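The values are calculated or read from the model by the stated rules, or taken from the named source; none is laboratory data. Computed from a prediction, not measured in an experiment: that's the story for all the values here. All Cβ positions, even for glycine, are placed from backbone atoms using ideal geometry, and neighbour counts span all protein chains on display.
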Amino acid sequence: MNLFEQLRQSVISAIETRQAAGELPADLDTGRINAEPPRDESHGDAATNAAMVLAKPAKMPPMAIAEMLAADLERLEIVESAEIAKPGFVNLRIHHNVWRDQVRLVLASGAEYGRANIGRGEPINVEYCSANPTGPLHVGHGRGTVFGDALANLLEKMGYAVTREYYINDAGVQIDHLARSVHYRYLEVLGDPPPDMPENMYPGEYLIPVAEKVVEDDRDRWQYAAEVDWMPVFRSRAITAMMDLIKDDLEALGVHHDVFSSEAALVAEGKIDEAFSLLEEMGLIYEGTLPPPKGKPVDDWEPVPLLLFKATSFGDDVDRPLRSSNGELTYFAKDVAYHLDKYRRGGRELINVWGADHGGYVKRMKAAVKALSQGGGSVDVRLCQLVNLLDHGQPIRMSKRAGRIVTLRDVVEEVGKDVVRFIMLTRKNDAPLDFDLTEVTEKSRDNPVFYVQYAHARIRSVERHASELGLPTEPSALKDADLGLLGDPAELVVMRQLAQYPRILAAAAVHREPHRIAFYLGELAASFHALWNQGKEQAELRFLLPDAQSTSVARLALIGAVRTVIASGLAVIGVQPVEEMT
């Protein structure tokens, strides 16, 4: 149960009652009304903006509406008091027993606590990672991969039917460069390397095993063959090998996709022709010229006839070419066909997780999906900013072209999957992220991964000690604990935060921001650690009291609920809780 959503519904009910009495206009939009914890805890446990939202359409002063609502809300069984504050907030204080009931609800629900049906079973396609199959994943890929995977987990928990998808860019020039790079390594293995490396070669040593396997299978069959003969073979072998490498990297990070879609297959199966035919039927393709790029002198611009999509009819800045001047398909043309394919497979709602360098591509893609689905589908593009990889505060330089790569696997093996996943969510996806290999392994409060994991491990330590003393620790045995014995302000802080978890999950899903869960876990862990430290200073606040078994059981119920929520939140972001710290 989302307590704050329950409060919001109570606010709306109060408005409807006043409307029925003729004290408020009938045609009021309540969609923007909220009920959530105020930023300043001294203002109460929850606050609603309803009076300010309704003031203008109701043509009434917000304070007048607030007075009405405060009087109605104060009569609610769960509300202790309702106060109004300028410019029109209604601040609510909730009875302490409501927070205690939330502890019982956590214990009764277990991992299901916070689950909701916001999605109502609607299909949603989340495409993420989708790195070009030209080498192993690097740290930059890791951020979008973790973000996309955590978002998929979150949406699933919130009631969506999620498909996790990876789009393989296995056609085009970069794959030809990859094939030539493997062929060069193949000749090296045969002891007959050309004097010059191919242009745009991928020089990483990760291609040597691929070449060795070709030699093992085919010996010198391709040594003197023409490129037209060996190119299809080396392209196919290289793509397969690189995708195996990438899937191993994903496995190490705990990521599993449901669907791997191939760009080459899209072309071979005629999906691009299908998309073109549909756009032609809709009158959205024409031959024309584009204006000169912004900032380019008109005298230097020579317009060229191109096959264009009417992207401006759907919110884009300019129409977009589907074929280049030499007749070749553009990347955009293939992406149009790919998104039509996703939509036809049931993806009415599409989410693409892209790198920040694709920001200029967003409008055209939104326009294409809107056109192809005739308004029935949508695409939400989430851009992930760069990861600055550091060690002791010093940058680690990477270059795939030069063969200097710090792979994602390297980092996972250095600090662990759970650390990588958590740290990647310690900043909003569109903000740059510093990832310091030294800092993320430190056992200190400044390390968010350690701080949250330590809270879980501390609780498990208390539970093990309690079991040795013969006290119950299982949720089923704690459900009848006398939680009325919990009344210290620090205990109430923890209970209030537990009640926020369903609200955090819902907001994170609606706004597509899984980092909110990592932030919340850090705050919950901090409140627990504060309670732990308070017990060290005041013996009567310790979790286990030899002469007060009922109080001990109540506190075991409280920290057991904290452990449950921490484990649940970590599961959403793909992190395993630890039983003890070493």
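One residue is enough: does the range 135-142 have a residue meeting the conditions out of contact with any helix residue (DSSP H, G or I) (no Cβ under 7 Å at 6 or more places or on another chain) and at pLDDT 95 or above? The answer is no, given that none of the residues of the range 135-142 is out of contact with any helix residue (DSSP H, G or I) (no Cβ under 7 Å at 6 or more places or on another chain) and at pLDDT 95 or above.
Checking the conditions here, which among Val578, Val565 is outside the structural domain of Ile351 (by TED's automatic domain parsing), among the β-branched types (Val, Ile, Thr) and outside any helix (DSSP H, G or I)? Show your work before the answer.
Details: Val565 fails: outside any helix (DSSP H, G or I).
Checking each option against the conditions leaves just Val578.
Does Leu486 count as more than 31 Å from the chain's Cα centre (by Cα), surrounded by 16 or more Cβ atoms within 10 Å (Cβ to Cβ) and closer than 26 Å to Glu5 by Cα? Yes: the conditions hold for Leu486. For the range 229-252, the candidate set comprises residues that are in contact (Cβ under 8 Å) with a residue 60 or more places away in the chain and of a type in the set (Val, Ile, Thr); within that set, the residue that is surrounded by the most Cβ atoms within 10 Å (Cβ to Cβ) is Ile246. Within the set Val255, Val259, the sole residue that is β-branched (Val, Ile, Thr) and loosely packed, with under 15 Cβ neighbours inside 10 Å turns out to be Val259.
On the stretch given as the range 79-91, residues that are crowded, with 18+ Cβ neighbours inside 10 Å and part of a loop (DSSP other than H, G, I, E, B) total 1. Each residue in the range 529-564 was checked for being surrounded by fewer than 19 Cβ atoms within 10 Å (Cβ to Cβ) and touching an Asp or Glu at 6+ places or on another chain (Cβ under 7 Å), and 2 pass. Name the residues in the range 315-340 that are crowded, with 19+ Cβ neighbours inside 10 Å and not in a strand (DSSP E or B), would you? Across the range 315-340, the qualifying residues are Asp316, Asp319, Leu322, Ala333, Lys334, Asp335, Val336, Ala337, Tyr338, His339, Leu340.
Got a sec? Which of Ala508, Ala455, Ala481 is modelled with pLDDT of 95 or more, under 20 Å from Asn2 (Cα atoms) and not charged (D, E, K, R)? Quick ask: steps written out before the conclusion?
Working: Ala455 fails: under 20 Å from Asn2 (Cα atoms); Ala481 fails: under 20 Å from Asn2 (Cα atoms).
Every option except Ala508 fails the conditions.
Checked against the criterion of being assigned by TED's automatic domain parsing to the domain that holds Gly360, in a strand (DSSP E or B) and surrounded by 13 or more Cβ atoms within 10 Å (Cβ to Cβ), the candidates Leu308, Leu279, Leu290 yield just one match: Leu308.
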